[in-house]
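These notes concern the structure reproduced below.
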Amino acid sequence: MFLNQKFSKFITNFNYNFERKKILKVLSNEFLEKSFNTISNWKNYNPTPLTNLNKLSKNLNLKNIFYKDESKRFGLKSFKALGGAYAVEIISNNKKDMIVSTATAGNHGKSVAWGAKRLGLKCKIFISEFVSENRANEMKNLGAEVIRIEGNYEKSLEECKKISKNNNWEIIQDVAWPGYELVPKLTMAGYSIMVKEITKQTDKYITHVFLQAGVGGMAAGFIAGIAKYFEYIPKIIIVEPENANCVMKSIENGSLKNIKIEKQSIMGGMSCGEVSLVPWQILKDSVSSCVSVSDEFVSQTIAMLAGKYFSEEKIIGGECSTPGITSLISCCNNEDIKNQLEINQSSNILLIGCEGDADKDLYQKLLDSGKKLI
Ligand SMILES: Cc1ncc(COP(=O)(O)O)c(C=O)c1O
């Protein structure tokens, strides 16, 4: 099996100090409970599978590797279905004449569009020049008006804020800025239900969790879930693209640090240069370490997931689902880091398969090229 994967950089968080209480002050118990009670009552709700990557754990000589497969989330094919759509429901609060808006790299916008459709609300989505036409069409198919702007994600968000203000549209954004915290908190609370589901899917205690980050919302929502639902606190390792490692840089710096993205990663949902304010309050001292990875291993990992190299069943994992696997393999390939993280044959590792073939064309392209590499 092709396991010759390497990370780009690894750092330890010297400010590590996991405090449940402090985390649950940012996202309260009630907040987290309400998100689970609401979302688990939606039509067609089902927990996503927790798949055992038994072939990979055998190969790496670890006890268990669990993979939370978000490709099966509400037919939207990513964990993002839990966030934006939930925030739309809470913010609209049964109002039928509200118009919601957002800026997105793809999956968040799809969630907002779907959430608006569920409730019969109009929806306006701003996308950058880097979002594929495929992703735009998926949002249009959910009834949203899609507005493409020139420039990157940050530019699309600026435009969304300006035009929404002029038109009195309600912004449903997954990133926070000063004075705008409730909606990002709602999206993060939505993500936390993945953890609640996992507690019902295995009685093994998780020793290590690898969490992908873009602006940090998923990771921080997940960590809030850990603080609330897990008895044992695992080592938490943040995973980012090497050229969009804003969480790593901020952890290294001890305070928020923005980065300029020189080259967009193929892991589009994670190609972010700024950590969002609310997640940072949680991430800064609950994360044990950070890993960054290049795009080099994305396609082969997609192909190995699909080709049953890791598990008994075929897994459809998109680009953002791969770096957790790559990070784990890379850490196991480095004896010092493996020892430092205490990864060994007693470890129960948790990985997040955060998206499926959310962008079908890109998935197929990566799958085809990845097959040639294994
Ligand atoms: C598809 C997708 N989008 C976005 C993200 C990043 O989420 P966030 O921006 O909340 O950190 C991920 C995973 O980290 C992802 O898989």
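The values are calculated or read from the model by the stated rules, or taken from the named source; none is laboratory data. Here the structure is a predicted model, which means the values were calculated and not measured. Cβ placement follows ideal geometry from the backbone for every residue including glycine, while neighbour counts extend to all protein chains displayed.
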*Restricting attention to region 307-314, does a residue exist that is exposed (fewer than 14 other Cβ atoms within 10 Å of the Cβ), in a loop (DSSP other than H, G, I, E, B) and of a type in the set (Ser, Thr, Tyr)?*
no
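Could you identify the single residue in Ile233, Ile259 that is away from the ligand (no atom under 13 Å from the Cβ), touching a Lys or Arg at 6+ places or on another chain (Cβ under 6 Å) and either in the same structural domain as Asn152 (by TED's automatic domain parsing) or not small (Gly, Ala, Ser) (or both)?
On the way: Ile233 fails: touching a Lys or Arg at 6+ places or on another chain (Cβ under 6 Å).
On inspection, the qualifying residue turns out to be Ile259.
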*Condition broken by Lys360, with the remaining ones in (1) within 16 Å of the ligand (Cβ to nearest atom); (2) within 22 Å of Ala220 (Cα to Cα) satisfied*: (2)
*Does region 287-298 contain at least one residue that is farther than 30 Å from Lys155 by Cβ, within 16 Å of the ligand (Cβ to nearest atom) and at pLDDT 95 or above?*
no
*Would a scan of region 111-118 turn up a residue that is within 13 Å of the ligand (Cβ to nearest atom) and of a type in the set (Ser, Thr, Tyr)?*
yes
*State all residues of region 195-214 that are buried (at least 24 other Cβ atoms within 10 Å of the Cβ) and under 23 Å from Val112 (Cβ atoms); if no residue qualifies, say none.*
Val195, Leu211, Gln212, Ala213, Gly214
_I need the full set of residues from region 158-211 which are under 23 Å from Leu82 (Cα atoms), charged (D, E, K, R) and modelled with pLDDT of 95 or more, in order please._
Lys161, Glu170, Glu181, Lys185, Lys196, Glu197, Lys200
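Does Leu328 meet the test of being in the same structural domain as Lys25 (by TED's automatic domain parsing), in contact with a Phe, Trp or Tyr (Cβ under 8 Å, 6 or more places away or on another chain) and of a type outside the set (Gly, Ala, Ser)? Can you show your working first?
Values: in the same structural domain as Lys25 (by TED's automatic domain parsing): yes; in contact with a Phe, Trp or Tyr (Cβ under 8 Å, 6 or more places away or on another chain): yes; of a type outside the set (Gly, Ala, Ser): yes.
So Leu328 fits the description; yes.
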*Members of region 161-204 found to be more than 16 Å from the ligand (Cβ to nearest atom) and touching a Gly at 6+ places or on another chain (Cβ under 8 Å), listed by number*: Lys196
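Would you say Lys58 is on the phi < 0 side of the Ramachandran plot, without any contact (Cβ under 8 Å) to a residue 60 or more places away in the chain and assigned by TED's automatic domain parsing to the domain that holds Ala213? Walk me through it before giving the result.
Numbers: on the phi < 0 side of the Ramachandran plot: yes; without any contact (Cβ under 8 Å) to a residue 60 or more places away in the chain: yes; assigned by TED's automatic domain parsing to the domain that holds Ala213: yes.
When the stated conditions are applied, Lys58 passes them.
Looking only at strands (runs of 3 or more DSSP E) that lie completely in region 23-135, which have at least 1 residues being under 17 Å from the mean Cα position of the chain (by Cα) and modelled with pLDDT under 95? Spell out the reasoning first.
Details: elements: 50-52, 64-69, 99-104, 122-127.
Ranges flagged: 99-104.
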*For region 275-292, name all the residues that are farther than 20 Å from Pro234 by Cβ, buried (at least 22 other Cβ atoms within 10 Å of the Cβ) and of a type outside the set (S, T, N, Q).*
Val275, Val278
*Can Ser92 be described as within 16 Å of the ligand (Cβ to nearest atom) and within 19 Å of Thr187 (Cβ to Cβ)?*
no
